[in-house]
Amino acid sequence: MTSTMRHLIVVLIAVLSLLVIEVELGTDEMRRIMQECLNQANIRSQDQLDFLKKKSMPVTTEGKCFLGCLMEGYGYLIDGEFTEDSCEEWATRQGQSHEAAADLFQSCHSTVGDGDDRCETGPLLWKCLLKLDNN
């Protein structure tokens, strides 16, 4: 792993930990998922991930697919879809109530929709999570 990739992973962990995406995965598992998503989305420079630090929407296909991969890796999307089951899992991991899971699904489902292309649904979920994080 190159030093650039290591730096990207450290930045990603820091940025994602600021958001709702706090999962009960060990750091090694988070790094594995991030490395896999960096490779799958063909992310080769930190500039391609500036949207994470800025908490904005990705404009490149690579950035969109990277987010979709992360959302699947963390269980927020299942086969590209945002589901009530994934919200329930989130609530359980975070010690949140069933009502919190229902609120997350209700809040984000209208934004994410019923699509199954993670390169499209991942960024839509990111948009919703950013909005919730700002409230």
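With θ taken as phi - 60° and the Karplus curve 6.51 cos²θ - 1.76 cosθ + 1.60 applied, the whole-hertz 3J(HN,Hα) list for the stretch 110-118 is 5, 7, 7, x, 9, x, 10, 9, 4 Hz, x standing for glycine and proline. The stretch 88-128 and the stretch 59-79 have Cα centres separated by 13 Å.
Here the Karplus curve 6.51 cos²θ - 1.76 cosθ + 1.60, taken at θ = phi - 60°, turns the phi angles of the stretch 55-67 into couplings of 6, 10, 8, x, 10, 9, 4, 4, x, 5, 5, 4, 4 Hz, with x standing for Gly and Pro. Residue separation of Asp133 and Thr61 scaled by 0.36 nm, minus their Cα-Cα distance, works out to 23.5 nm of gained length. The phi-based Karplus calculation (6.51 cos²θ - 1.76 cosθ + 1.60; θ = phi - 60°) puts the 3J(HN,Hα) values of the stretch 44-54 at 10, 9, 5, 4, 5, 10, 4, 4, 5, 5, 7 Hz, whole numbers, x for Gly and Pro. What is the distance, in nm, between label points placed 7 Å from the Cα along the Cα-to-Cβ direction at Asp114 and at Thr92? The modelled label-to-label distance comes out at 2.6 nm.
Residue separation of Asp50 and Arg32 scaled by 0.36 nm, minus their Cα-Cα distance, works out to 4.4 nm of gained length.
Since every read-out is calculated from the coordinates, none of them should be taken as a lab result. Computed from a predicted structure; not experimentally measured. A quick note on method: Cβ atoms are made from the backbone with ideal geometry, for glycine too, and the neighbour counts reach across all protein chains shown.
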